[in-house]
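Enquirer: Let me begin by handing over the structure; questions about it come next.
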Amino acid sequence: MTAGSVVWRLAFIGKLVRGRLRVFFQSDIRKSRDRPIVVHGIDASGPAAAPDPTCIMRAVSTEDPAREGALPVLRAAVLDNGLKVLVQEAHTAPLVSVWCWYRVGSKDESPGFTGASHWVEHMNFKGTAGIPADAFTELIDRFGGFWNGYTWIDQTTYVETATKDALDQMLCMEAERMDRCLYDAAACESERTVIISELQGGENDPDQLLDIEVTATAFKTHAYRHPTIGWIGDLRAMSRDDLYGYYRRHYTPANATLVIVGDVDADDALRQVERRFGVIAPGTEPPRGRTREPEQTGERRLEIVREGTTGYLKVAFHAPAATDADFAPMLVLDAALTGAKGLNLWASFRGPAPQRRARLYRVLVDGGHASAVSGAFVATAHPFLFMVSATAQAGTPLDVLRDAALAELDDVRTNSLRDTEVERAKRQLRARLVLENDSITNIGHQIGFFETVAGAGVLQELPGRIAAVAPDDVARVAARYLRASNRTVGWFQPA
């Protein structure tokens with residue numbers, strides 16, 4: 001599935017809820033079917049084979065979080081082929097969630113090859129040398145679970161959550177996906193049609209189209225400017241061999257992290273991982289782009305005029321990466337301006353952020369200029385964007401909405417926020433961080449997501465970092481990042 005730039009790149013969450021993902025709850029566990037499933041010689045109905053006693057892994061450091069909202073200690077290991085494995089035991093229910101993360105996303109693509117990461121993700125649901133495509137679904141259904149995946153700017157990931165007796169089958173599926181996907185030429189062509197249709201559908205949505213154009217305008221050189229789904233000319237030109245070569249370069253143990261969370265014994269889980277993944281050749285760490293986005297030196301503006309009924313506004317500021325010291329204060333600033341959203345993209349479908357006391361909600365929505373306002377600031381490997389989005393109230397001219405939004409952002413930059421606003425934002429943000437880690441699937445997502453962009457230790461430290469943010473820190477980042485010269489302003493004007 002895809003996610004475009006900021007709003008569109010988070011839009012896969014809505015797709016999950018609308019039907020592509022059958023959301024899994026503990027009460028949804030179904031009894032296993034009686035008949036066995038045999039996949040190319042693998043009996044998926046029986047118990048896992050005996051662990052290999054020769055398993056050798058290099059231990060890596062773990063951290064003691066001991067902080068509000070932080071996760072328990074992780075068991076971590078690296079296989080000899082470079083695969084990093086993170087295991088968290090959670091014995092609250094007989095369930096296990098497996099996430100396989102690859103450090104490849106749209107930032108790893110070059111002009112002429114945009115959309116490759118997302119297309120490859122689609123192809124990796126089309127079956128392997130050992131598991132036909134329809135057997136993937138049957139395997140997980142047998143254990144009453146679900147499976148899915150997504151691509152974004154920094155990563156691609158796949159997930160299965162099911163009863164704990166399915167662990168070996170889930171590991172088998174991900175090992176097959178890592179090393180033995182087929183890339184049938186006819187299937188590649190079929191997916192080309194699907195993805196181009198998906199892209200065109202997004203471009204027919206004025207809000208998504210504006211998001212893509214604002215992001216592409218804000219970035220001049222960095223690959224974050226490309227939508228994850230790609231540009232249509234590149235999608236039409238790529239071949240099956242292009243895609244397969246991309247898959248072989250990026251889907252290697254050395255470029256992956258496997259996360260297991262649930263009712264497992266960590267030592268046994270690591271032995272099972274070694275048995276399934278240890279035979280895969282290590283590959284090499286793919287080369288990374290070295291382009292840095294130059295500092296923006298002046299405000300950029302764009303207008304899209306198309307047929308439509310509703311006006312939209314977006315204001316994007318270059319913002320810090322997850323490893324930056326300004327990341328936590330910027331999270332608090334976003335929460336104060338647009339509501340505390342937390343950081344779990346996977347869990348964000350649960351409902352909107354608490355907004356009614358957020359600064360921009362009070363000015364724009366309560367003030368009658370907008371029917372909705374939101375903010376997007378996400379943990380990324382490189383500096384990305386803080387984007388404010390607003391939907392014009394019927395009858396409100398876009399220039400009135402734009403001027404009101406920019407005036408308030410300028411006021412916050414100049415005069416900062418009240419101490420009470422900062423403390424409320426911190427309190428709400430810390431609560432969201434706890435609430436979004438309320439299931440093994442959500443916990444597994446957060447561990448893997450942060451590992452791919454900054455290291456899982458950053459996630460462990462984040463509650464403490466947020467608690468330590470002072471009003472002066474928020475004032476400092478507001479003054480630094482909310483500058484007019486650092487922003488790109490775009491609006492969609494209905495024709």
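The values are calculated or read from the model by the stated rules, or taken from the named source; none is laboratory data. It should be emphasised that the depicted structure is a prediction, and the values quoted were computed from it without experimental measurement. When we count neighbours, we look across all protein chains shown, and the Cβ atoms used for this are built from the backbone with ideal geometry, even at glycine.
Enquirer: For region 379-403, which positions are β-branched (Val, Ile, Thr) and more than 20 Å from Leu345 (Cα to Cα)? Spell out how you get there, then give the answer.
Expert: Residues of region 379-403 that are β-branched (Val, Ile, Thr), as a first pass: 380, 388, 391, 396, 400.
Those that are β-branched (Val, Ile, Thr) and more than 20 Å from Leu345 (Cα to Cα): Thr391, Thr396, Val400.
Enquirer: Sticking with this one: Could you grab me the full set of residues in region 415-433 that are touching a helix residue (DSSP H, G or I) at 6+ places or on another chain (Cβ under 8 Å) and touching a residue at least 60 places away in the same chain (Cβ under 8 Å)?
Expert: Hits for region 415-433 are Ser416, Leu417, Glu421, Val422, Arg424, Ala425, Lys426, Gln428, Leu429, Arg430, Leu433.
Enquirer: Oh, and also: Can you tell which of Ala372, Ala340, Ala404 is touching a residue at least 60 places away in the same chain (Cβ under 8 Å) and not polar (S, T, N, Q)?
Expert: On the way: Ala372 fails: touching a residue at least 60 places away in the same chain (Cβ under 8 Å); Ala404 fails: touching a residue at least 60 places away in the same chain (Cβ under 8 Å).
The conditions single out Ala340.
Enquirer: Taking the condition modelled with pLDDT under 95, out of contact with any strand residue (DSSP E or B) (no Cβ under 7 Å at 6 or more places or on another chain) and surrounded by fewer than 20 Cβ atoms within 10 Å (Cβ to Cβ), does Thr284 pass? Don't jump to the end; show me each part of the working.
Expert: Numbers: modelled with pLDDT under 95: yes; out of contact with any strand residue (DSSP E or B) (no Cβ under 7 Å at 6 or more places or on another chain): yes; surrounded by fewer than 20 Cβ atoms within 10 Å (Cβ to Cβ): yes.
Criteria met by Thr284.
Enquirer: Here is a follow-up. Looking only at residues that are part of a loop (DSSP other than H, G, I, E, B) and closer than 17 Å to Tyr312 by Cα in region 198-244, which one is modelled with the lowest pLDDT? Can you show your working first?
Expert: Residues of region 198-244 part of a loop (DSSP other than H, G, I, E, B): 204-205, 219-222, 226-231, 238-239.
Subsequent filtering for residues that are closer than 17 Å to Tyr312 by Cα retains 204-205.
On the way: Asn204: 93, Asp205: 96.
Result: Asn204.
Enquirer: Also, I was wondering about something else. (1) aliphatic (A, V, I, L, M); (2) at pLDDT below 95; (3) touching an Asp or Glu at 6+ places or on another chain (Cβ under 7 Å); (4) farther than 29 Å from Gly368 by Cα: which one isn't true of Val453, the others all being true?
Expert: (2)
Enquirer: For Ala404, state whether it is more than 31 Å from the chain's Cα centre (by Cα) and closer than 29 Å to Phe327 by Cα. Can you show your working first?
Expert: On the way: more than 31 Å from the chain's Cα centre (by Cα): yes; closer than 29 Å to Phe327 by Cα: yes.
Against the criterion (more than 31 Å from the chain's Cα centre (by Cα) and closer than 29 Å to Phe327 by Cα), Ala404 qualifies.
Enquirer: Something else about it: Do you know which residues across region 377-407 are in contact with an Asp or Glu (Cβ under 8 Å, 6 or more places away or on another chain) and under 20 Å from Arg424 (Cβ atoms)?
Expert: Within region 377-407, Phe377, Phe386 meet the criteria.
Enquirer: Right, next: Being assigned to a helix (DSSP H, G or I), of a type outside the set (Asp, Glu), crowded, with 20+ Cβ neighbours inside 10 Å and touching a residue at least 40 places away in the same chain (Cβ under 8 Å): is that true of Phe386 here?
Expert: Details: assigned to a helix (DSSP H, G or I): no; of a type outside the set (Asp, Glu): yes; crowded, with 20+ Cβ neighbours inside 10 Å: yes; touching a residue at least 40 places away in the same chain (Cβ under 8 Å): yes.
So Phe386 fails the test.
Enquirer: Could I ask something else about it? Do the conditions hold for Leu313, that is, is it within 26 Å of Thr217 (Cα to Cα), buried (at least 22 other Cβ atoms within 10 Å of the Cβ) and more than 19 Å from the chain's Cα centre (by Cα)? Explain how you work it out, then say what you get.
Expert: Numbers: within 26 Å of Thr217 (Cα to Cα): yes; buried (at least 22 other Cβ atoms within 10 Å of the Cβ): yes; more than 19 Å from the chain's Cα centre (by Cα): yes.
So Leu313 passes the test.
Enquirer: Of (1) out of contact with any Ser or Thr (no Cβ under 6 Å at 6 or more places or on another chain); (2) surrounded by fewer than 20 Cβ atoms within 10 Å (Cβ to Cβ); (3) part of a strand (DSSP E or B), Ala372 satisfies all except one. Which?
Expert: (1)
Enquirer: Criterion first (in contact with a helix residue (DSSP H, G or I) (Cβ under 6 Å, 6 or more places away or on another chain), assigned to a helix (DSSP H, G or I) and in the same structural domain as Asp141 (by TED's automatic domain parsing)) does Asp267 satisfy it?
Expert: no
Enquirer: Of the residues Arg180, Arg271, which is touching a strand residue (DSSP E or B) at 6+ places or on another chain (Cβ under 8 Å) and surrounded by fewer than 23 Cβ atoms within 10 Å (Cβ to Cβ)?
Expert: Numbers: Arg271 fails: touching a strand residue (DSSP E or B) at 6+ places or on another chain (Cβ under 8 Å).
None of the other options fit; the residue is Arg180.
Enquirer: If you don't mind, there's one more thing I want to ask. Taking the conditions exactly as written (within 26 Å of Ala454 (Cα to Cα), assigned to a loop (DSSP other than H, G, I, E, B) and under 26 Å from the mean Cα position of the chain (by Cα)), does Thr291 satisfy them or not?
Expert: Values: within 26 Å of Ala454 (Cα to Cα): yes; assigned to a loop (DSSP other than H, G, I, E, B): yes; under 26 Å from the mean Cα position of the chain (by Cα): yes.
In short, yes.
Enquirer: Still on this model: Give the number of residues within region 472-495 that are crowded, with 18+ Cβ neighbours inside 10 Å and out of contact with any Gly (no Cβ under 9 Å at 6 or more places or on another chain).
Expert: Of the residues in that region, 12 qualify.
Enquirer: Checking the conditions here, which among Gly112, Gly145, Gly82 is in contact with a strand residue (DSSP E or B) (Cβ under 6 Å, 6 or more places away or on another chain) and either in contact (Cβ under 8 Å) with a residue 40 or more places away in the chain or on the phi < 0 side of the Ramachandran plot (or both)? Spell out the reasoning first.
Expert: On the way: Gly112 fails: in contact with a strand residue (DSSP E or B) (Cβ under 6 Å, 6 or more places away or on another chain); Gly82 fails: in contact with a strand residue (DSSP E or B) (Cβ under 6 Å, 6 or more places away or on another chain).
Every option except Gly145 fails the conditions.
Enquirer: Related question: For region 393-495, which helices (runs of 4 or more DSSP H) that fit wholly inside it have 3 or more residues that are more than 30 Å from Ala77 (Cα to Cα) and assigned by TED's automatic domain parsing to the domain that holds Gly342? Spell out the reasoning first.
Expert: Values: elements: 398-415, 419-435, 440-453, 456-467, 471-481.
Where helices (runs of 4 or more DSSP H) fall fully within region 393-495 and carry at least 3 residues being more than 30 Å from Ala77 (Cα to Cα) and assigned by TED's automatic domain parsing to the domain that holds Gly342, they are 398-415, 419-435, 471-481.
Enquirer: Any chance you could count how many residues in region 430-449 are surrounded by fewer than 21 Cβ atoms within 10 Å (Cβ to Cβ) and closer than 20 Å to Thr380 by Cβ?
Expert: Of the residues in that region, 1 qualify.
Enquirer: Take the residues in region 199-232 that are polar (S, T, N, Q), touching a helix residue (DSSP H, G or I) at 6+ places or on another chain (Cβ under 9 Å) and surrounded by fewer than 19 Cβ atoms within 10 Å (Cβ to Cβ), then tell me which one is farthest from Pro294 (Cα to Cα).
Expert: Looking only at region 199-232, we keep the residues that are polar (S, T, N, Q), and these are 200, 204, 208, 215, 217, 221, 228.
Those still in the list that are touching a helix residue (DSSP H, G or I) at 6+ places or on another chain (Cβ under 9 Å) too: 200, 208, 215, 217, 228.
Next, only the ones that are surrounded by fewer than 19 Cβ atoms within 10 Å (Cβ to Cβ) stay: 200, 217.
On the way: Gln200: 31, Thr217: 13 Å.
The residue in question is Gln200.
Enquirer: Restricting attention to region 355-367, does a residue exist that is surrounded by fewer than 19 Cβ atoms within 10 Å (Cβ to Cβ) and either touching an Asp or Glu at 6+ places or on another chain (Cβ under 6 Å) or at pLDDT below 95 (or both)? Outline the logic, then answer.
Expert: To start, the set of residues in region 355-367 that are surrounded by fewer than 19 Cβ atoms within 10 Å (Cβ to Cβ) comprises 356-357, 362, 366-367.
Now drop any that are not either touching an Asp or Glu at 6+ places or on another chain (Cβ under 6 Å) or at pLDDT below 95 (or both), which leaves 356-357.
Yes, there is a match, as at least one residue in region 355-367 is surrounded by fewer than 19 Cβ atoms within 10 Å (Cβ to Cβ) and either touching an Asp or Glu at 6+ places or on another chain (Cβ under 6 Å) or at pLDDT below 95 (or both).
Enquirer: Further question: When region 246-263 is examined, which residues are found to be surrounded by fewer than 22 Cβ atoms within 10 Å (Cβ to Cβ) and aliphatic (A, V, I, L, M)?
Expert: Of everything in region 246-263, just one residue is surrounded by fewer than 22 Cβ atoms within 10 Å (Cβ to Cβ) and aliphatic (A, V, I, L, M), namely Ala254.
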